[in-house]
Amino acid sequence: MKLEVKDITKSFGDKQVLHGISFEVQSGRALGLLGRNGAGKTTTIRILMDVFRANSGEVLLDGEKFNQRKHLIGYLPEERGLYPKKKVIEQMVYLGRIRGISKSEAVANSKKWLKRLGVLEYENAKLETLSKGNQQKVQLASTLVCDPDIVILDEPFSGLDPVNSRILQDVVMELIGQNKIVIFSSHQMSYVEEFCKDIVIINKGDVVLSGDLDNIKREFGKNQLVVSAVDKTLDDLENIINEHMSDILEITGRTKEELIIKNVADVSRKQILSKFISENIEIERFETYKPSLNDIFVSKVGDADEKEAAE
Amino acid sequence: MKKFGVIFQYELMNYIKNKSYVITTVIIALVAGIIMFVPNFIDIGSVTGENKNDVSDENSGADSDSTILVYDKSGMVTDISFIQNFYHDDAIKKASGENELVDKVKADEVSAGFVVNSLTDYDYYVYNQSMTDDNQVVFTQVMTVLNQMVYCQKNGIDYASLTQAFNPQIDCHENILGKDMGSNYWYCYGLVMIIFMIIIMYGSMVATSVTQEKSNRTMEVLVTSVDTNLLFFAKVLAGAVAALIQSAVMLGTVLISYKINQDKWGGMLNMVLDIPANVLVVFALFGIGGFLFYTFIYGAMGALVSKTEDINKSAGGVQMVIMIVYFITLASLTNVDGIMIKVTSFLPVSSYSAMFARVAMGSVNTWEIVVSFIILVASIVVVGIIGAKIYRMGTLRYGNPIKLSNAFKSIKEN
């Protein structure tokens, strides 16, 4: 299956919040929807789920208009909500049945997911009596109770402790392994990096970057190196590069212990190393720059903000 | 349709499993049922003061605690027992003077007092006059008869034969070919009140249930899982069925218990509880229709707010309409063939009580009932569809209550 979002726009009153969002995701792959608060991630997801109607654009599944009612979808909304005064199993079975599965299937699936998430002991407890973390797990179990083909999780890691986050990661990996379409939004880049094949970065209603994460990282790190020197601070090293090597290198950033430099003259690494040696710099580290998703995110969203400020 | 059944069942069970629902239904039905069996154990006449076995005693007033004093200035009232014949519930006693009479009335020692100035003039004294005080009317009658007797005496006419000649006994055989408004009035009044209470009470319950789903954020999960129309219709209908079950249990217990004990009650409650089957059928059809009509509106009003304490803000207007309809119908019960009730019996906002009142007490053609019912059913469908759209539109709009005009605007834009 291939889910495509094509050029969707959305306005609330006079304010346009989405300016033409497009991306696609296939079965067996997870798509990470990234963006700052208010970027438009949740609005995009709600349009996908037909909670909101887009002003223009379309959502297609295998080339056909996506009809949410005809497919089993597991949706975890950003605003978590279940019946606080109802028993856990009772409402899970109900949610499973209204999505189209039989009662026996709903009961079996509910128990399976409650067990998988370690909250089976609370199946007959009222939701309001559970801790916040366990309520979150019940919500996730309810999302998956119908054994969905498409899983859409809006900020699934928020409110989870590291142990529960690990469990959720494992569950998401399983879903990907089961050839399901998984879309989720998150602020936690490390999780996205771990199991997302594709990413979409949205900033102020625009897609500022999208595609295969490995390719993006490769492209982003292209012609870039990380470098550090023995007995020299990063500031000293930066000064030397700016004063004596600016014809071939440009400093693009820094990590905690290294400078990130760009080979602007397309010279060989051997020549760059020779240049450092000629400047009497004892190299400690010299290797290809592999950007983290966090670096890419900050760079892309920061660039967009800077451009806007300049305008 | 299967999903509709699942939602309907879940929502209905929510109501039926609710402890307060069960307790209220059982206790009220039980208490009402027990009351209907009371005449089996005690003489109901002694409780209501209407002892059917009592034979009217003309002199019963002599033993009464209530006393009326009479002071005769004119000297025309020679025999006080003549006045006593007119007052069965009060003891008539002579006062020695006007001051004594006034003092005793003022001290509340007697219930009232009359000072007869002449055959055609008297003063009436009472401390606090009740709304049902008819002492003056009776005393005027006493004085009229006294005048007639004095006139006959002066002119040598036999008063007894004159009275007989002027007041012959007339036998009347009542044959009501249409409806007896007198006897239908009370149950009609009662049923209009019942349907009014059901709409207000259960309508608010449905609105609360919708708002709660919005405030606990369940709504987003629901509307993304199933068609909103199914969700809204199933939800409202479940509330309606829960209301009908409760009302039917309560009303049914009262009616069946009364039927069983009708003889023991001596027909005392016939005017309220002996409701003809055809009237009950019309009441049920129009009552359920009106109830559904308003419950859909209440459901939509619930979706316009996100906190249960705000429900009155959105549903206040609807409640006002229901109350106006209620008062118009009650006011029209004394003139059920008037133009006002004829008009309101065709409007979906009021036909649930107005048409029923016309059927119970007035003259109405079958085609009028059919047309009114068709209008009501069509209106329920329209209100249901619009309600579902408002419900859908209100799903994720939190914060201040949404104005109805803005809701319609949003629906139009989508």
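The values are calculated or read from the model by the stated rules, or taken from the named source; none is laboratory data. Small disclaimer: the values here were computed from a predicted structure and weren't measured. Backbone-built Cβ (ideal geometry, glycine too); neighbour counts: all protein chains shown.
At-a-glance table
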| read-out | value |
| --- | --- |
| Number of positions in segment A:60-92 that are more than 9 Å from chain B (Cβ to nearest Cβ) and aliphatic (A, V, I, L, M) | 6 |
| When residues of segment A:93-124 are limited to those that are within 12 Å of chain B (Cβ to nearest Cβ) and closer than 28 Å to A:Lys41 by Cα, the one surrounded by the most Cβ atoms within 10 Å (Cβ to Cβ) | A:Gly96 |
| Residues of segment B:133-156 classified as more than 46 Å from the chain's Cα centre (by Cα) and exposed (fewer than 13 other Cβ atoms within 10 Å of the Cβ), total | 4 |
| Some residue of segment B:162-184 being within 27 Å of the chain's Cα centre (by Cα), outside the structural domain of B:Phe114 (by TED's automatic domain parsing), assigned to a helix (DSSP H, G or I) and under 30 Å from B:Gly317 (Cα atoms) | no |
| Conditions (1) part of a loop (DSSP other than H, G, I, E, B); (2) touching a residue at least 40 places away in the same chain (Cβ under 8 Å); (3) within 13 Å of chain B (Cβ to nearest Cβ); (4) within 24 Å of A:Arg29 (Cβ to Cβ); number of the one not met by A:Asp147 | (3) |
| Test: residue in segment A:130-143 that is within 13 Å of chain B (Cβ to nearest Cβ) and β-branched (Val, Ile, Thr) | yes |
| Cross-chain or 6+ apart pairs with Cβ under 6 Å, segment B:10-22 first and more than 12 Å from B:Ala243 (Cα to Cα), then assigned to a helix (DSSP H, G or I) | B:Tyr10/A:Tyr94; B:Glu11/B:Lys235; B:Glu11/B:Ala238 |
| Options B:Gly362, B:Gly387: the member that is over 24 Å from B:Ser332 (Cβ atoms), buried (at least 16 other Cβ atoms within 10 Å of the Cβ), touching a residue at least 12 places away in the same chain (Cβ under 8 Å) and not hydrophobic (A, V, I, L, M, F, W, C) | B:Gly387 |
| 1 or more residues more than 14 Å from every other protein chain (Cβ to nearest Cβ) and under 21 Å from B:Ile311 (Cα atoms): qualifying helices (runs of 4 or more DSSP H) within segment B:214-294 | B:228-260 |
| Looking only at segment B:102-132, and only at residues there that are without any contact (Cβ under 8 Å) to a residue 40 or more places away in the chain and buried (at least 18 other Cβ atoms within 10 Å of the Cβ), the one that is nearest to B:Thr163 (Cα to Cα) | B:Tyr122 |
| Filter result for B:Ser209 (out of contact with any strand residue (DSSP E or B) (no Cβ under 6 Å at 6 or more places or on another chain), assigned to a helix (DSSP H, G or I) and within 14 Å of chain A (Cβ to nearest Cβ)) | yes |
| Pick from segment A:192-206, criterion assigned to a strand (DSSP E or B) and buried (at least 21 other Cβ atoms within 10 Å of the Cβ), ranking: farthest from the chain's Cα centre (by Cα) | A:Asn203 |
| Checking B:Ile411 against (1) aliphatic (A, V, I, L, M); (2) more than 30 Å from A:Ala54 (Cβ to Cβ); (3) touching a residue at least 12 places away in the same chain (Cβ under 8 Å), the condition it does not meet | (2) |
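Results for (1) outside any helix (DSSP H, G or I); (2) over 20 Å from B:Gly287 (Cβ atoms); (3) out of contact with any Asp or Glu (no Cβ under 7 Å at 6 or more places or on another chain), shown as yes or no for each residue.
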site: B:Leu347; (1), (2), (3): yes, no, yes
site: B:Ala354; (1), (2), (3): no, no, yes
site: B:Leu376; (1), (2), (3): no, no, yes
site: B:Ile386; (1), (2), (3): no, yes, yes
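A quick yes/no check of all residues on (1) crowded, with 19+ Cβ neighbours inside 10 Å; (2) at pLDDT below 85; (3) under 19 Å from the mean Cα position of the chain (by Cα):
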residue	(1), (2), (3)
B:Ala240	yes, no, no
B:Ile256	no, no, no
B:Asn261	no, yes, no
B:Asn270	no, yes, yes
B:Leu273	yes, yes, yes
B:Gly290	yes, no, yes
B:Gly317	no, no, no
B:Met320	no, no, yes
